[in-house]
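Chemist: Sharing a structure with you now.
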Amino acid sequence: MDSKRALYYAAIAIGALIAVSVLVSVVSAVLSLAWAVVSGIVSLAVLAGIVYAAYRVGSWLSGGGSGGHDATDLDSIGGTRSGTTSSTSSDTAVDRQDRLRRQYVEGQIDEAEFERRIARELETEDLDDIDRELERER
C-alpha cells in the first residue's frame, strides 16, 4: 500500500505543478499583453509629441503659425504680422474689431492680447468720435 500511496501523492504533486505552471503562464501572458499595450501607447504619445514639435518648428521657421506673439512681431493697430499689409485708414472700427475677433478665434492671439487690443481699439474709436465732433463744430 505504500507504493500506491506514493504514486497517489506523486500524481497529486504533478497535477499541482501543472496547475501552477498553467497559472503562471496565463498571468505572464496577461502581463506581457498589458506591457505591450502600455508600450504602444507611450510610443504613440512620444511620436505625436515629436510630430507636433516638428510642426511648430516648421511653422515658426516659415513665418506662419500661431501662438505667443510678442509686440515686435505684430502691428500696433491691425494686429497683422510684420511684412504684411497693415490696416489702412479706410478700415472702419468694426472691421478692425472683427479682424481681432477672428485672430482670437483662430488662435493667432491669446485672450490677454485680444482684450488689450480691443480696449485700445475702443479708446481709439472714442478719440475718433471726439475728433469728428470737433470737426463738425468748426
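Chemist: Restricting the search to region 104-138, which residues are under 29 Å from SER59 (Cα atoms), of a type outside the set (Val, Ile, Thr) and not in a helix (DSSP H, G or I)?
Modeler: Of everything in region 104-138, those that are under 29 Å from SER59 (Cα atoms), of a type outside the set (Val, Ile, Thr) and not in a helix (DSSP H, G or I) turn out to be GLU106, GLY107, GLN108, ASP110.
Chemist: Further, regarding this structure: May I ask you to list pairs of residues, at least six apart or on different chains, whose Cβ atoms are under 6 Å apart, with the first in region 43-54 being at pLDDT 95 or above and the second being among the hydroxyl-bearing types (Ser, Thr, Tyr)?
Modeler: none
Chemist: Okay, moving on. Of all residues in region 122-138, how many are charged (D, E, K, R) and touching a residue at least 12 places away in the same chain (Cβ under 8 Å)?
Modeler: Here is the first cut: in region 122-138, the residues charged (D, E, K, R) are 123, 125-126, 128-129, 131-133, 135-138.
Now drop any that are not touching a residue at least 12 places away in the same chain (Cβ under 8 Å), which leaves 125, 128.
So the answer is 2.
Chemist: Return only the number of the condition from (1) modelled with pLDDT under 75; (2) surrounded by 10 or more Cβ atoms within 10 Å (Cβ to Cβ) that THR84 does not satisfy.
Modeler: (2)
Chemist: Pull up region 97-121, narrow it to residues that are free of Cβ contacts under 8 Å to residues at least 12 places away in the same chain and either in contact with a strand residue (DSSP E or B) (Cβ under 7 Å, 6 or more places away or on another chain) or of a type in the set (A, V, I, L, M, F, W, C) (or both), then point me to the one that is surrounded by the fewest Cβ atoms within 10 Å (Cβ to Cβ).
Modeler: ALA112
The rows are residues; the columns are (1) over 26 Å from GLU113 (Cβ atoms); (2) modelled with pLDDT of 95 or more.
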residue: LYS4; (1), (2): yes, no
residue: TYR9; (1), (2): yes, no
residue: LEU17; (1), (2): yes, yes
residue: LEU23; (1), (2): yes, yes
residue: GLY67; (1), (2): no, no
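The values are calculated or read from the model by the stated rules, or taken from the named source; none is laboratory data. Bear in mind the structure is a predicted one, so any value in this text is a computation, not a measurement. A quick note on method: Cβ atoms are made from the backbone with ideal geometry, for glycine too, and the neighbour counts reach across all protein chains shown.
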